[in-house]
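Shown next, in structure tokens, is the structure this report addresses.
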Amino acid sequence: MKCSYLRRITIDSFHAFLVGRFFSRVGDKLFLVALPLVVQSMGYGAPLLSFANAIQYVANWAGGPLGGYLTERHSRKTVMLWVHVAQAVAIIGVVASTANKALFPLLLLVSMFLLHLASMVNRVNRFSLTTLLRDRDRLAAANAEIQLMESAARLVGPLAAGVVIAHLHLRAALWLDVLSFVIMGVVVVFAVRLQRTKEEARRPSYQFRDLWNWRYQGQPVVRRMLMVNSLSSVVFTFVSGFNVFLMSSAHHFGVMTISWILTVTAVVSMLLGFVLRVNVVNMAQPSFVKMALGLSVCGVGLLGMPFAQGALVYFLSYTLCILGMEFYQQQGQTWLQTHVSQSELNHAFVAMSNSANIITPVWMVVGGLLWRTVAPFLPLLVCAIMLFINMFICVLSLNFVNKEGEQHDEL
């Protein structure tokens, strides 16, 4: 019995993919910590780093439709494999760029564009891939496990980065990121198994000339939830980008204080993942009520962050923000995966990501200007208002639950 159980675990494609994804995410965290230090060590500063971050949104805008196009016309495993090859090449490009100070900015920006382009293609593929690795009645548990893995990577990655950079070398962190993509590639080749009929029986419905015409034109309630996801993603990106800056500039927390706040929050996030996984029926199964709850908790925590008096109060506010955010993301992703047909998931994700990738960079600039010219609380207040509007949309959508359930049963 024991051998049979172990054999079943080893051939479980979803859990194999999850393990590989964990190493990949830890590699991402290593890179995020190392990148600013690499820029600084080459004698460049904030302007170059800003350009490198801005390129992400250009690459995302291009990568969303490209990812939908590739996954419609090619094997998912082939797309995943070449994506990880491209990501590894991009990181090697960053390492190579450090050999020449004059060429460093150009090589860095080209490498960053390739990295984010491949990453966006992978995100499109991964969103619908979960429904191929898990039956629809197991998607809630699967997304709870994904959330748990992400939290664990968010805890391990920065700690590993600190140890590697302090005791080895800055480039070692980059090479470990390359290794993480190699590990993920090996997992894809040898451990991820997809049903041939689902992957190869579909006929491509889009030509290359139609690449930028991806629109989701399904049920109204799904379109509303795609917009809710897009606006929430804008808020979450802004909070992630400005959180450390808020702690440092507005609250004047030291490095060690910032470190323990981020670390303990990651631990609490992991506990949320455990709770979701062991209580799938009552917690992880998606509903509009739970999505509204997650958004409201996140909004309350967000409102408290700029006004927190002391590190403990800030930690409590930030923890509420993160827990609400991650609970909503698990709920929203599961709801979409269970209410959108498999053939339309790519269309839905591309439409959602296109909206987010247009709004996010604009709001990052506007929010940053409001932060500087007025006060840090103002852009965070706007973010909270956006979350409460999304919560209101979720509450209104309760009227359509039964109708959507009947339509879903007919698919």
Count of segment 162-192 residues which are open to solvent by 30 Å² or more (accessible area, probe 1.4 Å) and outside any loop (DSSP other than H, G, I, E, B): 15
Tally, over segment 264-282, of residues that are in contact (Cβ under 8 Å) with a residue 24 or more places away in the chain and aliphatic (A, V, I, L, M): 8
Test: F51 is touching a residue at least 24 places away in the same chain (Cβ under 8 Å), among the aromatic types (F, W, Y) and farther than 19 Å from V85 by Cβ: yes
Positions within segment 211-239 being at pLDDT 80 or above and open to solvent by 80 Å² or more (accessible area, probe 1.4 Å), in sequence order: R223, M227
Segment 339-367, residues that are free of Cβ contacts under 8 Å to residues at least 12 places away in the same chain and open to solvent by less than 40 Å² (accessible area, probe 1.4 Å): none
Answer from S111, S128, S119 - the residue that is open to solvent by 20 Å² or more (accessible area, probe 1.4 Å), among the hydroxyl-bearing types (S, T, Y) and in a helix (DSSP H, G or I): S119
Matching option when the condition is in the same structural domain as F104 (by the TED database), crowded, with 17+ Cβ neighbours inside 10 Å and in a helix (DSSP H, G or I), among V58, V83: V83
Count of segment 131-151 residues which are open to solvent by 20 Å² or more (accessible area, probe 1.4 Å) and of a type in the set (A, V, I, L, M): 4
Which numbered condition L381 misses (of (1) open to solvent by less than 60 Å² (accessible area, probe 1.4 Å); (2) modelled with pLDDT of 85 or more): (1)
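Do we find a residue being aliphatic (A, V, I, L, M) and touching a Pro at 6+ places or on another chain (Cβ under 8 Å) anywhere in segment 332-348?
Initial filter on segment 332-348 (aliphatic (A, V, I, L, M)): 336, 340, 345, 348.
Retained after the next criterion (residues that are touching a Pro at 6+ places or on another chain (Cβ under 8 Å)): none.
No, because not a single residue in segment 332-348 is aliphatic (A, V, I, L, M) and touching a Pro at 6+ places or on another chain (Cβ under 8 Å).
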Selection from segment 61-78 of residues that are of a type in the set (K, R) and either in contact with a strand residue (DSSP E or B) (Cβ under 8 Å, 6 or more places away or on another chain) or not in a helix (DSSP H, G or I) (or both): none
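Modelled with pLDDT of 80 or more and either more than 25 Å from the chain's Cα centre (by Cα) or surrounded by fewer than 14 Cβ atoms within 10 Å (Cβ to Cβ) (or both): does that describe F208?
Working: modelled with pLDDT of 80 or more: no; either more than 25 Å from the chain's Cα centre (by Cα) or surrounded by fewer than 14 Cβ atoms within 10 Å (Cβ to Cβ) (or both): yes.
No, not satisfied.
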Flag if S75 is open to solvent by less than 50 Å² (accessible area, probe 1.4 Å), touching an Asp or Glu at 6+ places or on another chain (Cβ under 8 Å) and of a type in the set (S, T, N, Q): yes
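Would you mind finding the one in F242, F253 that is in contact with a helix residue (DSSP H, G or I) (Cβ under 9 Å, 6 or more places away or on another chain) and part of a loop (DSSP other than H, G, I, E, B)?
On the way: F242 fails: part of a loop (DSSP other than H, G, I, E, B).
Unique residue meeting the criteria: F253.
Kindly provide the set of residues from segment 97-108 that are in a helix (DSSP H, G or I) and open to solvent by less than 60 Å² (accessible area, probe 1.4 Å), ordered by number. Before the answer, list the steps.
To start, the set of residues in segment 97-108 that are in a helix (DSSP H, G or I) comprises 97, 104-108.
Hits for segment 97-108 are S97, F104, P105, L108.
The values are calculated or read from the model by the stated rules, or taken from the named source; none is laboratory data. Model, not experiment: these values are computed from the prediction. Heads up, the Cβs are rebuilt from the backbone with ideal geometry, glycines too, and the neighbour counts pull from every protein chain shown. Just the protein is used for accessible areas: all its heavy atoms, side chains included, with ligands, DNA and RNA removed. Shrake-Rupley method; radii C 1.70, N 1.55, O 1.52, S 1.80 Å.
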